[in-house]
Amino acid sequence: MIFVRYENWKSYLRYYPVTSLLLVINLVMFVITSFDGGSRNPMTLLKYGALSDLPQFVDQAWRYFTAMFLHNGFDHVLFNSFALLVFVPPLERIMGSWKFAILYLLSGVLGNVIGLAYYERMEDYTFLVGASGAIYGAYGAYLYIALFQRHVIDESSRKTLFTLLILGILFSFTPGVSLVAHVGGLVGGFFLYGLMIRLFKRRT
């Protein structure tokens, strides 16, 4: 069962350096925003890189990246940190740290691009923050593995993954949660993983 963490903290840091760094960045940014106006304050989040369809922020492409490391409240950062701490690490071991980093970041950016494109069609202005798109990118990679690389993970892990996906999609219909960004990250991670294993296999 790959989704159960048996490691102590020392082993965790050694086995999952990128995941650990991502987790630390998320927590540090949460603390910074909490002490500088509040992590639920839209102006604070926009100051530190939240993504928004407000006209003055639309052309700032760097926000597609920075928004991944900001969270709207303690419950938001807690939920994503738990997923990042428990469910994401095995993918770093499967792919290797730097390939995993590429997939995670690209999935997050893609989820934000799709999310903002969707909300730009709405009448009200909005802002997007959170690591969810990137985390769902990892889930998308797992889905590819579960379907096409069945030898990589065991049957119990596959069942857990499908349960996570079903519950995650249902949860994404909760008000204030971006279903579009989640699905965008999931689909992005699925296809990015398939593309990456082919590209790196050819180079090898």
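Would you point out the residue of region 127-138, among those that are open to solvent by less than 40 Å² (accessible area, probe 1.4 Å) and more than 9 Å from the chain's Cα centre (by Cα), that is farthest from Thr66 (Cα to Cα)?
Here is the first cut: in region 127-138, the residues open to solvent by less than 40 Å² (accessible area, probe 1.4 Å) are 128-138.
Filter again for more than 9 Å from the chain's Cα centre (by Cα), leaving 128-129.
Working: Leu128: 10, Val129: 8 Å.
Residue satisfying both the conditions and the ranking: Leu128.
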Give all pairs with beta carbons closer than 7 Å in which a residue from region 180-203 that is under 11 Å from Tyr142 (Cα atoms) meets a residue that is open to solvent by 80 Å² or more (accessible area, probe 1.4 Å); count only pairs at least 6 apart in sequence or on separate chains.
none
Among residues belonging to region 69-78 that are hydrophobic (A, V, I, L, M, F, W, C) and touching a Phe, Trp or Tyr at 6+ places or on another chain (Cβ under 9 Å), point out the one that is most open to solvent (accessible area, probe 1.4 Å).
Phe74
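If you check Leu45 against the conditions, is it in contact with a Leu (Cβ under 6 Å, 6 or more places away or on another chain), over 13 Å from Val129 (Cβ atoms) and crowded, with 20+ Cβ neighbours inside 10 Å? Quick ask: steps written out before the conclusion?
On the way: in contact with a Leu (Cβ under 6 Å, 6 or more places away or on another chain): yes; over 13 Å from Val129 (Cβ atoms): no; crowded, with 20+ Cβ neighbours inside 10 Å: yes.
Against the criterion (in contact with a Leu (Cβ under 6 Å, 6 or more places away or on another chain), over 13 Å from Val129 (Cβ atoms) and crowded, with 20+ Cβ neighbours inside 10 Å), Leu45 does not qualify.
Do we find that Thr66 is polar (S, T, N, Q), assigned to a helix (DSSP H, G or I) and within 15 Å of the chain's Cα centre (by Cα) in this structure? Steps first, answer last, please.
On the way: polar (S, T, N, Q): yes; assigned to a helix (DSSP H, G or I): yes; within 15 Å of the chain's Cα centre (by Cα): yes.
Yes, satisfied.
Of the residues that sit in region 103-119 and are of a type outside the set (Val, Ile, Thr) and over 15 Å from Phe191 (Cα atoms), which one is surrounded by the fewest Cβ atoms within 10 Å (Cβ to Cβ)?
Of all residues in region 103-119, those of a type outside the set (Val, Ile, Thr) come to 103-108, 110-112, 115-119.
With the extra rule that they be over 15 Å from Phe191 (Cα atoms), the set shrinks to 112, 115-119.
Working: Asn112: 27, Gly115: 27, Leu116: 24, Ala117: 12, Tyr118: 18, Tyr119: 19.
For region 103-119, the residue satisfying everything is Ala117.
Does Met122 qualify as being out of contact with any strand residue (DSSP E or B) (no Cβ under 7 Å at 6 or more places or on another chain), assigned to a loop (DSSP other than H, G, I, E, B) and open to solvent by 20 Å² or more (accessible area, probe 1.4 Å)?
Values: out of contact with any strand residue (DSSP E or B) (no Cβ under 7 Å at 6 or more places or on another chain): yes; assigned to a loop (DSSP other than H, G, I, E, B): yes; open to solvent by 20 Å² or more (accessible area, probe 1.4 Å): yes.
Taking the combined requirement at face value, the residue satisfies it.
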Here the qualifying pairs (Cβ atoms under 9 Å; residues six or more apart or on different chains; first in region 89-102 and within 11 Å of Val152 (Cβ to Cβ) and open to solvent by less than 30 Å² (accessible area, probe 1.4 Å); second at pLDDT 95 or above and not in a helix (DSSP H, G or I)) come out as Pro90/Tyr16
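Suppose we filter region 170-185 for residues that are part of a helix (DSSP H, G or I) and over 12 Å from Gly115 (Cα atoms); how many remain? Let's see the steps before the verdict.
The initial filter retains those residues of region 170-185 that are part of a helix (DSSP H, G or I), namely 170-171, 179-185.
From the residues that got through so far, the ones that are over 12 Å from Gly115 (Cα atoms) too are 170-171.
The qualifying residues number 2.
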Quick check on my filter: what residues within region 5-24 are open to solvent by 60 Å² or more (accessible area, probe 1.4 Å), under 20 Å from the mean Cα position of the chain (by Cα) and either free of Cβ contacts under 8 Å to residues at least 24 places away in the same chain or farther than 16 Å from Phe87 by Cα (or both)?
Leu13, Leu21, Val24
Could you list, ordered by first residue, the pairs with Cβ atoms under 6 Å in which the first is in region 112-139 and in contact (Cβ under 8 Å) with a residue 24 or more places away in the chain and of a type in the set (Gly, Ala, Ser) and the second is open to solvent by less than 30 Å² (accessible area, probe 1.4 Å) and not in a helix (DSSP H, G or I), at least 6 apart or interchain?
Gly115/Leu128; Gly115/Ser178; Gly130/His71; Ala138/Val88
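The values are calculated or read from the model by the stated rules, or taken from the named source; none is laboratory data. Owing to the predicted nature of the structure, the values given are computational and were not obtained by experimental measurement. Quick reminder, even Gly has a Cβ in these numbers, built from the backbone with ideal geometry, and neighbours come from all protein chains shown. Please note that ligands, DNA and RNA were not included when accessible areas were found on the heavy atoms of the full protein model with its side chains. Shrake-Rupley method; radii C 1.70, N 1.55, O 1.52, S 1.80 Å.
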